[in-house]
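One structure below.
The values are calculated or read from the model by the stated rules, or taken from the named source; none is laboratory data. Just so it is clear, the structure is predicted and the values come from calculations on it, not from any experiment. Cβ sites come from the backbone with ideal geometry, for glycine too, and all protein chains shown count toward neighbours. Accessible surface is based on the protein model in full, side chains and every heavy atom, while ligands, DNA and RNA are left aside. Shrake-Rupley method; radii C 1.70, N 1.55, O 1.52, S 1.80 Å.
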Amino acid sequence: MQSRESNKMVDIVDRKTRSRMMSKIKGKNTKPEVAVRQYLHRKGYRFRLHRKDLPGNPDIVLPSRMIAIFVHGCFWHRHRGCKKTTTPSTNRAFWERKFKDNVNRDERNTQALQKLGWAVMVIWECEVNDQGLETIAAKVESIPQKMKMSSTKRT
């Protein structure tokens with residue numbers, strides 16, 4: 001287990017530059033998300049993207065299997081034990097609150113989706129490599145196909 005001290009990130013740029021850099025980080029269509037989508041498509045899965053009518057707007061939704069997939073960045077969503085899960089040393093209270101809120105929101109969204117009958121998968125940024133993608137397909141296959149609920153039918 002890592003100590004709290006080894007998980008620090010020393011900032012090498014000034015505050016204004018860091019703010020500008022962080023504001024450019026995308027929330028949708030990230031490289032890991034696109035890689036997962038391309039892989040699932042090659043495997044024959046058809047899906048919808050960023051469904052706003054579902055809690056948390058899952059990145060990828062397999063409606064026929066009732067699976068909601070979130071592709072999480074390890075830094076922002078706090079992947080335990082991952083080397084990318086660092087905490088900036090400046091403005092530490094802000095970052096700790098920000099990360100805690102992200103994790104709590106993720107948990108609420110997962111529970112809300114499960115309550116609606118959806119299976120939820122979280123794919124971490126660091127898992128998106130050739131070996132990880134094969135594991136992802138196996139996870140999708142291992143989730144039993146569910147019958148769509150009548151409330152989700154379109155008229």
Quick check on the range 57-98: of everything there that is free of Cβ contacts under 8 Å to residues at least 60 places away in the same chain and polar (S, T, N, Q), which residue is surrounded by the fewest Cβ atoms within 10 Å (Cβ to Cβ)?
Asn91
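If I ask for residues that are open to solvent by less than 80 Å² (accessible area, probe 1.4 Å) and at pLDDT 65 or above, which ones from the range 1-20 would you list?
Going residue by residue through the range 1-20, those that are open to solvent by less than 80 Å² (accessible area, probe 1.4 Å) are 3, 6-7, 9, 11, 13, 17-19.
Correct list: Val13, Thr17, Ser19.
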Within the range 129-150, restricting to residues that are touching a residue at least 40 places away in the same chain (Cβ under 8 Å) and under 15 Å from the mean Cα position of the chain (by Cα), the one that is surrounded by the most Cβ atoms within 10 Å (Cβ to Cβ) is Ile136
Qualifying residues in the range 99-128 (those that are touching a residue at least 12 places away in the same chain (Cβ under 8 Å) and of a type in the set (Asp, Glu)) - the one farthest from Asp14 (Cα to Cα):
Asp106
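This table checks each residue for (1) more than 15 Å from the chain's Cα centre (by Cα); (2) at positive phi; (3) β-branched (Val, Ile, Thr).
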| site | (1), (2), (3) |
| --- | --- |
| Met66 | yes, yes, no |
| Val71 | no, no, yes |
| Lys98 | yes, no, no |
| Asp101 | no, no, no |
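Please work out which residue is modelled with the lowest pLDDT, limiting yourself to the range 56-88 and to residues that are of a type in the set (S, T, N, Q) and in contact with a helix residue (DSSP H, G or I) (Cβ under 9 Å, 6 or more places away or on another chain). Quick ask: steps written out before the conclusion?
Quick first cut of the range 56-88, residues of a type in the set (S, T, N, Q) only: 57, 64, 85-87.
If we keep only those that are in contact with a helix residue (DSSP H, G or I) (Cβ under 9 Å, 6 or more places away or on another chain) too, we end up with 57, 85-87.
Details: Asn57: 94, Thr85: 89, Thr86: 89, Thr87: 86.
Only one residue fits best here, namely Thr87.
How many of the residues making up the range 33-56 are open to solvent by 10 Å² or more (accessible area, probe 1.4 Å) and either aliphatic (A, V, I, L, M) or closer than 25 Å to Asp130 by Cβ (or both)?
Total satisfying the criteria: 14.
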